[in-house]
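Below is one structure, written out as structure tokens, with a few remarks after it.
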Amino acid sequence: MSGKRAITVVVSIVLWVIIIIAALFAVTTMSTRDINHVSNIAGFTPLTVQTDSMAPTFNAGDLIIIKQVDPNTLQEGDIITFHTIIQNEFALNTHRIESIKEVSGSRTYITKGDNNDIADTHMIASGDIVGKYVTKLKGVGKLMDFLSSSTGFLLIIVLPMAAFFAYQVYHLIMVSISLKKAVAIESAQEAAKIMAEAEVKKSDETAAGAVAAGTAAAAGVASAAAEAAGGAVQTVGDTAAKAAEEAAKVSDEAAAKMSEAEAALAEANRLKAEYEAKLALAEANRLKAEYEAKLAAIQSGNETVETKPESGDNN
């Protein structure tokens, strides 16, 4: 529980206690001032003791509680509160029953205070009895006397009741403010929810438009790609045809060059053969000359030498 909540509960309890005390005060005041009729709460009435005539059972300043009873059930020794005349004025008195007598079928009661030496001079009839003593609250009667005064009434009754009323008004205002805040928060949440739904709907519509646009764009791209592909195919076909023509041309040129190369090779082979033949002839002539020279030398020395050329032909 929060501190603020605890303070509120404590204030409420205190104010209710004061109201209960005020109610008791009202009952006590009426019972004290209305001699012919004494008010009660569920048959119980609080009264303030004014003298010590019943001391030490209870003393002046105590608060006693009496209860309504059937007078026929009362017995000697019971303490009762009854209407009487004190100093030529009607008043309420509380004394003990000393004896009970019946006169012409009606009961009468002789009473006496515990602190008095003699019995009361007035005999009490059953109709004068207000109630029977139950218990006491020591010293509380002084408080009740203070409540009976104008100052006590103002401080204990008027001001607390005013404070209680002001608190209830404040509480009502705070509850109203809280309720308005709750309504405002709920309205804001509802508005936020509606806005969120609108944003989602808008996003869905935008997404659908984007998908449609994307589809159209894709279709356009596909069409353009098809056209480009067709053009590319045509271009490739043209290029391939040109390349074939160029290849054929190059092939023809290569064949011509091949033929030229073969002719050149044949010519080179012929020239080589001729060169080799000339070399062989030159070698033969050299060998012949050497042979002839040797032969001449031999002949000049009168030597006969049969020889045979190692190689070569005689021309």
Open item on the list: With θ taken as phi - 60° and the coefficients 6.51, -1.76 and 1.60, list the Karplus ³J(HN,Hα) couplings across region 86-93 in order, rounded to whole Hz; mark glycine and proline as x.
Closed with: 10, 6, 6, 10, 5, 8, 9, 10
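Within the set of other residues whose C-beta is less than 9 Å from the C-beta of residue 69, count the net charge using Lys and Arg as +1 and Asp and Glu as -1.
With Lys, Arg at +1 and Asp, Glu at -1, the neighbours total 0.
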Task: Likely footprinting exposure, 18, 118, fewest C-beta neighbours within 10 Å first - done: 118, 18
Open item on the list: Testing the spin-label approximation: label points 7 Å from Cα along Cα→Cβ at residue 103 and residue 241. State their distance in nm.
Closed with: 15.9
Task: Efficiency of FRET from Cβ geometry, residue 44 and residue 138, R₀ 22 Å, rounded to 0.05 - done: 0.80
Task: Mean shadow area of region 3-148, taken as a quarter of the surface of its Cα convex hull (nm²) - done: 10.2
Task: Over 30 Å between alpha carbons, listed pairs 272/294; 67/101; 112/136 - done: 272/294
TODO: Go through 42-53, 98-109 and give me the packing order, highest mean Cβ count within 10 Å leading.
DONE: 42-53, 98-109
TODO: Would you list, by chain and number, the aspartates and glutamates whose Cα falls below 20 Å from the Cα of residue 132, excluding same-chain residues fewer than 8 positions away?
DONE: 34, 52, 62, 70, 76, 78, 98, 102, 114, 120
- [ ] Please give, to one decimal in nm, the separation of the simple spin-label points placed at residue 181 and residue 276, each 7 Å out from Cα toward the Cβ.
- [x] 12.4
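Can you give the local net charge around residue 259? Use residues other than it whose beta-carbon is closer than 14 angstrom to its beta-carbon, Lys and Arg +1, Asp and Glu -1.
-4
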Task: Net lengthening on full extension, residue 299/residue 163 (0.36 nm per residue, minus Cα-Cα) - done: 31.0 nm
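Read the figures in this text as sums done on the coordinates, not as results from a lab. The shown structure was predicted, so the numbers you read here are calculated from the model rather than taken from an experiment. Glycine gets a Cβ as well: all are built from the backbone with ideal geometry, and neighbour counts include every protein chain shown.
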